[in-house]
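Structure first, commentary second.
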Protein chains: 2
Amino acid sequence: MSFGDRLAARVAERESQIVLGLDPDPIRLWPDAVHAAPAIGSAAERAAAAVRVHCAALIDAAGPACVACKPQLACFERLGAPGWAALAATVQEARAAGMLVLLDGKRGDIDVTAAAYAQALFGATATPFGDVPGLGGDAATINPLLGRDSLAPLIEAARVHDAGVFVLVRTSNPGAADVQDLPVGDGTVHERLAALVGELGRPGASGLADVGAVTGATAPEHLSRLRELMPAAPFLLPGIGAQGGKVHDLAAAFAPGRAGGLVSASRSIARAHEADAAGHARPAEAARAEAERLRAAAWALA
Amino acid sequence: MSFGDRLAARVAERESQIVLGLDPDPIRLWPDAVHAAPAIGSAAERAAAAVRVHCAALIDAAGPACVACKPQLACFERLGAPGWAALAATVQEARAAGMLVLLDGKRGDIDVTAAAYAQALFGATATPFGDVPGLGGDAATINPLLGRDSLAPLIEAARVHDAGVFVLVRTSNPGAADVQDLPVGDGTVHERLAALVGELGRPGASGLADVGAVTGATAPEHLSRLRELMPAAPFLLPGIGAQGGKVHDLAAAFAPGRAGGLVSASRSIARAHEADAAGHARPAEAARAEAERLRAAAWALA
């Protein structure tokens, strides 16, 4: 069953298009997670333990309203080897909770290196001591600046594992315009990237392809055109909440079905309790309520 | 002392512009490294231990002919947490050997995430349990597809630590043409990226800036134009050897001085012994000889 079909089935089953972003900042973890860290060990080990507990609590609270989670690799890497172990544990937590795992690392490199990233993200690495499993992601975000031959090893490895990729096409940050919106012929760089994504993906029985696109929710004016260029691609739409995007601007994404638009939110869920000026909101309850609010809002659109 | 000045000084001191690429593949390690791995532990732990010994041996053999080493992050990440620990240890080995460390991860993301990558690469991460140090790189490769606001946090963090960045401008793979060579106005995408690099870098007393560019050695026809657009940027020139680039094509890179062009080579050094058809060459001796051959060839050009 291809990634597109798996995604469509999971969205239908969980009645959710929400992707729970996991961007743990060690100084803004939920208090219970900090208290749960061991009293001994290096700062990295203790912080990574707290991050792991925080992510597990977030998955427990908000996960039921979400179809997938999206760990931000940078946030784990900065804690070194213990951080990487916390990432691997968090992937397992999410899978046990029935969520798909979209690894957000935006990797991209020449072919031999792209193949090494694919081993880390989806596959395994052969060694003289036996195979070393990678993270086992259901999908990963990838960067297309190095062109088609840099994407191929990642797409091929993903396919072998019924996984998918989300190629950066038009991101959610203001600076996205600097390169992605440059004019090329009668279009733009991001339209060229979109055409490449449209060509590389293979639609499954659901009509949804296994090569998706990152298309920021902060630039909804581009979504109709991008949907034309990538009729079968699932769109990953970051930028809801903290970055200013609104769910109701995203309807164009859902043309190929509900799973055509995945709405990603991180800080707006994990820090929902901070919106309570009185400071009485419990993090888990606030996160659960905000994830459910986003879920219902998106589900009503498509 | 800025990164540009540190780089210029180190090149002069070591009389070398060669960057030793560290792309360890667990099934192609030097035999002594495999034998040195512990007899117990998980496959990941044993393979990471072998990778660490391999990299240390490569640094010991080829390091004296090189100014820097360039660990490929993908090759360590695929071994999970033990791989990340091997990466951190390898960085320390290289520094102890007097080499600069260029972390090759080609990271790039929105501002808050770019800042997290900067903590992992150059800085430290504040946690309730104390600061967690990052890898301590002297420089890192970064991907500019997300534009100026995605580069700024990495450049600023690098500067605080007298470190630098190498922005992908025109890479060494065939597919680089797909996006980087797209026509924009009367130039190309890669010329726009070059102009951005030229603008973001701050030249030090040596005349060399702290924002460099990755400009593949396999496309030397672009180097003169790129040098015009980035007069002070150090160029990182991968693609020598295994990817087909030749040292004598690179003279334009050295216009701002010898440190203006760093010649990166990985497989051609680590696997130099495989060129001996009789199979008698020792890996360390062959690596040392190939690194010295490249060093002398590049030094003679500039």
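Some notes on this structure:
- Filtered by the rule that a residue be within 13 Å of another protein chain (Cβ to nearest Cβ), within 30 Å of B:A62 (Cβ to Cβ) and part of a helix (DSSP H, G or I), the stretch B:92-116 gives a lone residue, B:Q92.
- Hits in the stretch B:2-36 - residues which are farther than 20 Å from B:V91 by Cβ and either over 20 Å from the mean Cα position of the chain (by Cα) or at pLDDT below 95 (or both): B:I27, B:R28, B:P31, B:D32, B:V34, B:H35
- Test for B:G198: is it under 28 Å from A:G187 (Cα atoms), more than 10 Å from every other protein chain (Cβ to nearest Cβ) and surrounded by fewer than 23 Cβ atoms within 10 Å (Cβ to Cβ): yes
- Within the stretch B:1-58, the residues that satisfy the criterion of being part of a helix (DSSP H, G or I), closer than 14 Å to B:A85 by Cβ, facing chain A (nearest Cβ under 10 Å) and not basic (K, R) are B:A44, B:E45, B:A47, B:A48, B:A49, B:A50, B:V51.
- The residue that is farthest from the other protein chains (Cβ to nearest Cβ), counting only those in the stretch A:72-81 that are of a type outside the set (A, V, I, L, M) and in contact (Cβ under 8 Å) with a residue 12 or more places away in the chain, is A:F76.
- Filter pass, A:A275 being at pLDDT below 90 and surrounded by fewer than 19 Cβ atoms within 10 Å (Cβ to Cβ): yes
- Contacts under 7 angstrom Cβ, first residue in the stretch A:34-60 being closer than 18 Å to B:D131 by Cβ, partner among the β-branched types (V, I, T), 6 or more apart: A:A43/B:T127; A:A43/B:V132; A:A44/B:V132; A:A47/B:T127; A:A47/B:V132; A:A50/A:V34
- Residue list for the stretch A:59-71, filter: more than 12 Å from chain B (Cβ to nearest Cβ) and not in a helix (DSSP H, G or I): A:C66, A:V67, A:A68, A:C69
- Across the stretch B:82-91, a minimum of one residue is classified as without any contact (Cβ under 8 Å) to a residue 24 or more places away in the chain, buried (at least 21 other Cβ atoms within 10 Å of the Cβ) and facing another protein chain (nearest Cβ under 10 Å).
- Residue check for B:A61: modelled with pLDDT of 95 or more and surrounded by fewer than 24 Cβ atoms within 10 Å (Cβ to Cβ): no
- Candidates in the stretch A:119-146 are the residues that are within 16 Å of the chain's Cα centre (by Cα), more than 20 Å from A:A81 (Cβ to Cβ) and more than 7 Å from chain B (Cβ to nearest Cβ); of these, the one that is surrounded by the fewest Cβ atoms within 10 Å (Cβ to Cβ) is A:D138.
- Qualifying residue in the stretch A:252-270 (condition: surrounded by fewer than 17 Cβ atoms within 10 Å (Cβ to Cβ) and out of contact with any helix residue (DSSP H, G or I) (no Cβ under 9 Å at 6 or more places or on another chain)): no
- Residue in the stretch A:165-172 that is under 18 Å from the mean Cα position of the chain (by Cα), facing another protein chain (nearest Cβ under 8 Å) and at pLDDT below 95 present: yes
The values are calculated or read from the model by the stated rules, or taken from the named source; none is laboratory data. Source: prediction; values computed, not measured. Here Cβ is always computed from backbone atoms with ideal geometry, including for glycine, and neighbour counts include all displayed protein chains.
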